[in-house]
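**Q** Quick one: the structure is below, and I'll ask about it shortly.
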Amino acid sequence: MTEKDFLPAPYQHFSDGGKVTWKAPSNIALVKYWGKLAHQIPANPSISFTLDACATTTSVSYQKKEGNIGGFSFDLFFEGKPKADFKPKIETFFGRIEAYLPFLKKYHFAIETSNSFPHSSGIASSASGMAALSLCLMDIEKQLNPEMDEGFFKTKASFLARLGSGSACRSIEGDLIQWGEHPKIPNSSNLYGIKYPFEVNPIFKKYHDTILLVHKGQKQVSSTVGHDLMHNHPYAQNRFQQAYDNLDRLKSILADGNLEDFIKIVESEALTLHAMMMTSMPYFILMKPDTLEIINKIWKYRNESNVPICFTLDAGANVHVLYPESVKEKAIQFIQDELVVHCEKGHYICDRIGVGAKK
Ligand code: PMV
């Protein structure tokens, strides 16, 4: 599909108003997206586990505007309180998606949003937040065009979410989502995420992600700035190629359930992401001393016990500890005994692979 396929035909119905609510999960990338071109086109393909517990719930009430249509009109509430500092981001988002949702200026919206995870946990809410908002807007569009089919609804929600925050396009469905054109992945697209189309071993259907909250404060460098620093980055082209190659390699690993090789790719991807940050100009480090302590302890524990637990990182200091259901008890024991001391206030979140957003 191309951008043009998301431009709607004139609407059949016109609703005076209503309210829709969606809950969308966060996601954790196995092969990372880092670096983008204009219009939120990723510089390389990526793949992620959709999460379950970490989610954003968004309600959108909409009411037809009277008289002069004017610009976008909306109020924004975060956890029940007006949130003026989120408004510019939504205004920009609406500007980017207006051509695809021409009803946007016809309504006044009240957007109420809340996260399942604490606000200051260092967990980015942009993926789940933009996914939940996009689903609400698609729900409104579906009321104006009731013939829309389910598949198109989800694809367009992913397409819109991408225009809000790239990785948000992987937060519509579960459980393993791929985004970005790859010559060997049929139907892969730079415009939206797709369900991973190849065989996936059952071991990856019940995977756990325990998120260790190492640093809850705001990170010093935003993802937007980080992505931009991949322009003219000395290692960018090799890094992008590596992501293509890792997606290739993952095909047989995911089918066979080869955890040893899975771990090599996932950990290497996490460290490469941070290596790109450390080698950009200006350079920066988002890991904290406790991030490294945790990584070293995971390596030691895995070597000694053969328990297949591994880590991945987002663009921040928190550590995502990944492990299959079969070692759940051992992994949680190890996390409690050895890793929780490295978490801010001992806080961590037990999450797992999930099935996607819900109305
Ligand atoms: O969606 P953004 O622009 O916040 O970028 C997210 C990038 C990473 O989380 C670091 C990697 C990824 O693929 O999710």
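What follows draws every value from the coordinates through simple rules; no lab data is involved. What you see is a predicted model; the values in this text were computed from it and never measured. FYI the Cβ positions are ideal-geometry reconstructions off the backbone, even for glycines, and counts take in every protein chain you see.
**Q** May I have the extent of the alpha carbons of the stretch 80-176 along their three principal axes, as whole Å values ordered from largest to smallest?
**A** 41, 35, 21
**Q** Separate question: Looking at the stretch 65-138, which GluC sites (Glu not before Pro) are in a loop (DSSP not H, G, I, E or B) and have at most 16 other Cβ atoms within 10 Å?
**A** Within the stretch 65-138, the qualifying GluC sites (Glu not before Pro) (loop, at most 16 other Cβ atoms within 10 Å) are Glu66, Glu79.
**Q** Each label point is 7 Å from the Cα along the Cα-to-Cβ direction; what then is the distance between the points at Lys300 and Asp85, in nm?
**A** Result: 3.8 nm between the two label points.
**Q** Please arrange Ile140, Ile123 by how many other C-beta atoms lie within 10 Å of their C-beta, fewest to most.
**A** So the ranking, lowest neighbour count to highest, is Ile140, Ile123.
**Q** Using the crude model of +1 on Lys and Arg Cβ and -1 on Asp and Glu Cβ, and no other charge, please compute the dipole size for the chain relative to its Cα centre, in debye to 20.
**A** Once rounded to the nearest 20, the dipole reads 520 debye.
**Q** Between Leu7 and Glu147, how high is the FRET efficiency from 1/(1 + (r/R0)^6) when r is the Cβ-Cβ distance and R₀ = 25 Å? Nearest 0.05.
**A** 0.95
**Q** Something else about it: Where in the stretch 110-208 are there trypsin sites (Lys or Arg not before Pro) that are in a DSSP coil and have at most 16 other Cβ atoms within 10 angstrom of their Cβ?
**A** Working: sites: Lys142, Lys154, Lys156, Arg162, Arg170, Lys184, Lys195, Lys205, Lys206; in loops: Lys184.
Qualifying residues, ordered by number: Lys184.
**Q** Right, here's the next one. Can you give the angle from 0 to 90° between the axis of helix 150-164 and the longest principal axis of the chain, with both taken from C-alpha atoms, to the nearest 10?
**A** Its long axis makes an angle of about 80 degrees.
**Q** Where nothing but the Cβ of Lys and Arg (+1) and of Asp and Glu (-1) is charged, how large is the charge dipole of the stretch 102-179 around its Cα centre, in debye to the nearest 20?
**A** Values: 7 positive and 8 negative charges, 65 e Å.
In debye, rounded to 20, the stretch 102-179 gives about 320.
**Q** Highest GNM mean-square fluctuation, the chain, Cα pairs closer than 10 Å: which of His320, His215, His227?
**A** Largest GNM mean-square fluctuation: His227.
**Q** Then there is this: Straight-line reach from Lys89: which lysines have a Cα under 19 Å away, not including same-chain ones fewer than 8 places off?
**A** Reachable lysines: Lys36, Lys81, Lys105, Lys219.
**Q** Continuing with this model, one more query. From the Cα trace of the chain, what convex hull volume per residue do you get, rounded to a whole Å³?
**A** Hull volume over Cα atoms, normalised by residue count, gives 134 Å³.
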